[in-house]
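The values are calculated or read from the model by the stated rules, or taken from the named source; none is laboratory data. For clarity, every value in this text was computed on a predicted model and none was experimentally measured. FYI the Cβ positions are ideal-geometry reconstructions off the backbone, even for glycines, and counts take in every protein chain you see.
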Amino acid sequence: MTKNVLILPGDGIGPEITAEAVKVLNKLVETDGLDIAMEEDLVGGAAYDVHGVPLADETMDKAHNADAVLLGAVGGYKWESLDISVRPEKGLLRLRKEMGLFANLRPAVLFPQLASASTLKPEIVAGLDILIVRELTGGIYFGQPRGIRTLENGERQGYNTYVYSESEVKRIAHVAFQAAMKRNKKLTSVDKANVLEVTEMWREVVDEVAKEYPEVEVKHMYVDNAAMQLVLNPKQFDVMVTGNMFGDILSDEASMLTGSIGMLASASLDENNKGMYEPSHGSAPDIAGQNKANPLATILSAAMMLRYSLGREDLAVKIEDAISKVLDQGLRTGDIWSEGCTQVTCSEMGDAVVAAL
Ligand code: IPM
Ligand code: MG
């Protein structure tokens, strides 16, 4: 049966990088019997410019009805002064929340060909393979109350609320433990339990869930230490599980271990593995429209979509192998370029992956 994929290119480099992923998917439709129908729509600033909101209700409906969503990136200078309620990022957060995409998987895997592109020494990052499991629909991103208020003395005060309920922690912990069971059976749960009660409870719930996975070795780590350990000795980690904001920060950090944030894919899944797939990086407005961006994180996200939502593990592996081949050929976008390699544009990189398929 034909599966429906909603493509949401978004803003900045979003349209350029998603175009390359669509190219790759179209190639698989042609040659490998991939049975999908793709439809495009607007999100973020691009949606705001047309509809006055960063995600139109019709687009939300399409996302609900699709089998999977592939998103580029949202945001840009042009929309920074808008009221926070209609900023591009809100479109993305609405998709995550209303689709119930609580489990964000962000694999930081180093392609051996890129060991020298990392700012860390090759021996520190060689063989790196970390999976960050980030809770995506709770925590301080969504906690109420929130806002900016004026105090009696006339001073303004900004406030947000960091909350997690037990059930939210439990379900993300299960996702992380199950992922660890399929990997090296090591889980690090990241919190700030020395200061924040919400994460003190997080730690207790993770320990309870751990009893159901006796084979998995569990460690707890404060987030400041985790940030340090990631650059000191990143290979100590297998699966890391953490809340929404810590996961946002640590996944950007982990991406640089792999050479560039332009390599980090992500899957955001609901209870039934329906998902949205997007690169972990942002819209990079400074290089938008210049055909310079690295499309590989988006193409790798499309591979994750084939794996988790479209039941085509074979094609996911095929894409990953094709990317490896292209890197073997020495082709690099600017962000991962190093001495002796050939610098290519965003669309040349996409073409090379298609050719390698
Ligand atoms: C990410 C991004 C988003 C986030 C922004 C664009 C809202 O940084 O996906 O990591 O903070 O989750
Ligand atoms: Mg982020």
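Filter the stretch 150-186 down to residues that are touching a residue at least 40 places away in the same chain (Cβ under 8 Å), of a type in the set (S, T, N, Q) and assigned to a strand (DSSP E or B), then give me how many there are.
0
Among the residues of the stretch 187-199, are any under 14 Å from LYS170 (Cα atoms), more than 16 Å from ligand 2 (Cβ to nearest atom) and part of a helix (DSSP H, G or I)? Can you show your working first?
First, pick out the residues of the stretch 187-199 that are under 14 Å from LYS170 (Cα atoms): 189, 198-199.
Now restrict to residues that are more than 16 Å from ligand 2 (Cβ to nearest atom): 189, 198-199.
Among the residues that remain, those that are also part of a helix (DSSP H, G or I) are: 198-199.
Among the residues of the stretch 187-199, at least one is under 14 Å from LYS170 (Cα atoms), more than 16 Å from ligand 2 (Cβ to nearest atom) and part of a helix (DSSP H, G or I), which makes the answer yes.
Yes/no matrix, rows are residues, columns are (1) surrounded by 17 or more Cβ atoms within 10 Å (Cβ to Cβ); (2) basic (Lys, Arg); (3) over 21 Å from THR242 (Cβ atoms):
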residue	(1), (2), (3)
ALA115	yes, no, yes
PRO122	no, no, yes
GLY127	no, no, yes
VAL133	yes, no, no
ARG149	no, yes, yes
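Provide a single number: the residues in the stretch 52-79 that are buried (at least 20 other Cβ atoms within 10 Å of the Cβ), more than 16 Å from ligand 2 (Cβ to nearest atom) and not hydrophobic (A, V, I, L, M, F, W, C).
Our first condition is that a residue be buried (at least 20 other Cβ atoms within 10 Å of the Cβ); within the stretch 52-79, this holds for 54-55, 59, 63, 66, 68-76, 79.
Of the ones still in play, those that are also more than 16 Å from ligand 2 (Cβ to nearest atom) are 54-55, 59, 63, 66, 68-70, 79.
Still in the running and not hydrophobic (A, V, I, L, M, F, W, C): 54, 59.
The total comes to 2.
Can you list residue pairs whose Cβ atoms sit under 7 Å apart, with the first residue in the stretch 321-336 being part of a strand (DSSP E or B) and the second being of a type in the set (Ser, Thr, Tyr)? Count only pairs 6 or more apart in sequence or on different chains.
Close Cβ pairs (under 7 Å, with a partner that is of a type in the set (Ser, Thr, Tyr)) amount to LEU331/THR342; ARG332/THR342.
Among the numbered criteria (1) more than 16 Å from ligand 2 (Cβ to nearest atom); (2) among the small types (Gly, Ala, Ser); (3) touching an Asp or Glu at 6+ places or on another chain (Cβ under 7 Å), which one does GLY44 miss?
If we test GLY44 against (1) more than 16 Å from ligand 2 (Cβ to nearest atom); (2) among the small types (Gly, Ala, Ser); (3) touching an Asp or Glu at 6+ places or on another chain (Cβ under 7 Å), just (1) comes out false.
Quick one: which of SER280, SER251 is hydroxyl-bearing (Ser, Thr, Tyr), within 10 Å of ligand 1 (Cβ to nearest atom) and in a loop (DSSP other than H, G, I, E, B)? Please lay out each step first, then the result.
Values: SER251 fails: in a loop (DSSP other than H, G, I, E, B).
Exactly one of SER280, SER251 is hydroxyl-bearing (Ser, Thr, Tyr), within 10 Å of ligand 1 (Cβ to nearest atom) and in a loop (DSSP other than H, G, I, E, B), namely SER280.
Output the residue which, of all residues in the stretch 29-79 that are in a helix (DSSP H, G or I) and β-branched (Val, Ile, Thr), is farthest from GLU16 (Cα to Cα). Step through it out loud before you land on a result.
Quick first cut of the stretch 29-79, residues in a helix (DSSP H, G or I) only: 29-32, 45-51, 57-65, 77-79.
Of the ones still in play, those that are also β-branched (Val, Ile, Thr) are 29, 31, 50, 59.
Values: VAL29: 20, THR31: 23, VAL50: 20, THR59: 20 Å.
Among residues in the stretch 29-79 that are in a helix (DSSP H, G or I) and β-branched (Val, Ile, Thr), the one farthest from GLU16 (Cα to Cα) is THR31.
In the stretch 323-344, what count of residues is obtained for those that are of a type in the set (Gly, Ala, Ser) and at pLDDT 95 or above? Don't jump to the end; show me each part of the working.
Of all residues in the stretch 323-344, those of a type in the set (Gly, Ala, Ser) come to 324, 330, 334, 338, 340.
Within this subset, residues satisfying the condition of being at pLDDT 95 or above are 324, 330, 334.
So the answer is 3.
Here's the yes/no breakdown for (1) within 16 Å of ligand 1 (Cβ to nearest atom); (2) outside the structural domain of ILE336 (by TED's automatic domain parsing); (3) not hydroxyl-bearing (Ser, Thr, Tyr):
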{"position": "THR258", "(1), (2), (3)": "yes, yes, no"}
{"position": "ALA288", "(1), (2), (3)": "yes, no, yes"}
{"position": "ALA297", "(1), (2), (3)": "yes, no, yes"}
{"position": "SER309", "(1), (2), (3)": "no, no, no"}
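Please find, within the stretch 223-248, the residue that is farthest from ligand 1 (Cβ to nearest atom) out of those that are under 22 Å from the mean Cα position of the chain (by Cα) and not in a helix (DSSP H, G or I). Explain how you work it out, then say what you get.
As a first pass, look at the stretch 223-248 and keep what is under 22 Å from the mean Cα position of the chain (by Cα): 223-224, 226-231, 234-248.
If we keep only those that are not in a helix (DSSP H, G or I) too, we end up with 237-243.
On the way: PHE237: 19, ASP238: 21, VAL239: 18, MET240: 15, VAL241: 16, THR242: 13, GLY243: 12 Å.
The residue in question is ASP238.
In this structure, does ALA293 turn out to be over 14 Å from ARG134 (Cβ atoms), buried (at least 24 other Cβ atoms within 10 Å of the Cβ) and at pLDDT 95 or above?
Numbers: over 14 Å from ARG134 (Cβ atoms): yes; buried (at least 24 other Cβ atoms within 10 Å of the Cβ): yes; at pLDDT 95 or above: yes.
Here the answer is yes, as ALA293 does meet what is asked.
Being modelled with pLDDT under 95 and either at negative phi or under 11 Å from the mean Cα position of the chain (by Cα) (or both) is the filter here; which residues of the stretch 265-281 pass it?
First, the residues of the stretch 265-281 that are modelled with pLDDT under 95: 271-274, 280-281.
If the condition is that a residue be modelled with pLDDT under 95 and either at negative phi or under 11 Å from the mean Cα position of the chain (by Cα) (or both), then GLU271, ASN272, LYS274, SER280, HIS281 are the ones that fit.
Just checking, which of ALA316, ALA288, ALA303 is under 21 Å from the mean Cα position of the chain (by Cα), crowded, with 22+ Cβ neighbours inside 10 Å, more than 16 Å from ligand 2 (Cβ to nearest atom) and modelled with pLDDT of 95 or more?
On the way: ALA316 fails: crowded, with 22+ Cβ neighbours inside 10 Å; ALA288 fails: crowded, with 22+ Cβ neighbours inside 10 Å.
Residue meeting the stated conditions: ALA303.
Looking at the stretch 270-282 only, could you name the residues that are buried (at least 24 other Cβ atoms within 10 Å of the Cβ) and either away from ligand 2 (no atom under 16 Å from the Cβ) or among the small types (Gly, Ala, Ser) (or both)?
GLY275, SER280, listed by residue number.
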